[in-house]
Amino acid sequence: MTEQLLARGDRVAGTTRKMDAMDDLKEKYGDLLWLDHLDMTDRAGIQRVVSNAFADLGKIDVIVSNAGYGLFALRKS
């Protein structure tokens, strides 16, 4: 979704735990992609990022919450 929005010229505010994971998109789309580091287990960090996004962007029209959780285990056969 992020790439589709950026490709049509929309500005996207994104958060990630690993900033370098977004290097390719940032290089390709520059200022259209606003990024900040976020760990969803850090309540103070969430508030900081939301405040930064509104301060930098002024207005946000749409929010998509796509935080995920994975649990992986190896099963012995």
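Applying the selection to segment 1-32, what residues are surrounded by 15 or more Cβ atoms within 10 Å (Cβ to Cβ) and either more than 12 Å from the chain's Cα centre (by Cα) or assigned to a helix (DSSP H, G or I) (or both)? Lay out the reasoning, then the answer.
To start, the set of residues in segment 1-32 that are surrounded by 15 or more Cβ atoms within 10 Å (Cβ to Cβ) comprises 2, 5-6, 12-15, 22, 25-26, 29, 32.
If the condition is that a residue be surrounded by 15 or more Cβ atoms within 10 Å (Cβ to Cβ) and either more than 12 Å from the chain's Cα centre (by Cα) or assigned to a helix (DSSP H, G or I) (or both), then Thr2, Leu5, Leu6, Met22, Leu25, Lys26, Tyr29, Leu32 are the ones that fit.
When segment 36-55 is examined, which residues are found to be open to solvent by 100 Å² or more (accessible area, probe 1.4 Å) and part of a helix (DSSP H, G or I)? So that I can check it myself, show each step before the final result.
Keep residues of segment 36-55 that are open to solvent by 100 Å² or more (accessible area, probe 1.4 Å), which gives 40-41, 43, 47-48.
Passing the criteria: Arg43, Gln47, Arg48.
The values are calculated or read from the model by the stated rules, or taken from the named source; none is laboratory data. These figures come from a predicted structure and were not determined experimentally. A quick note on method: Cβ atoms are made from the backbone with ideal geometry, for glycine too, and the neighbour counts reach across all protein chains shown. Ligands, DNA and RNA are stripped out before the accessible areas are found, and what is left, the full protein with its side chains, is counted by its heavy atoms. Shrake-Rupley method; radii C 1.70, N 1.55, O 1.52, S 1.80 Å.
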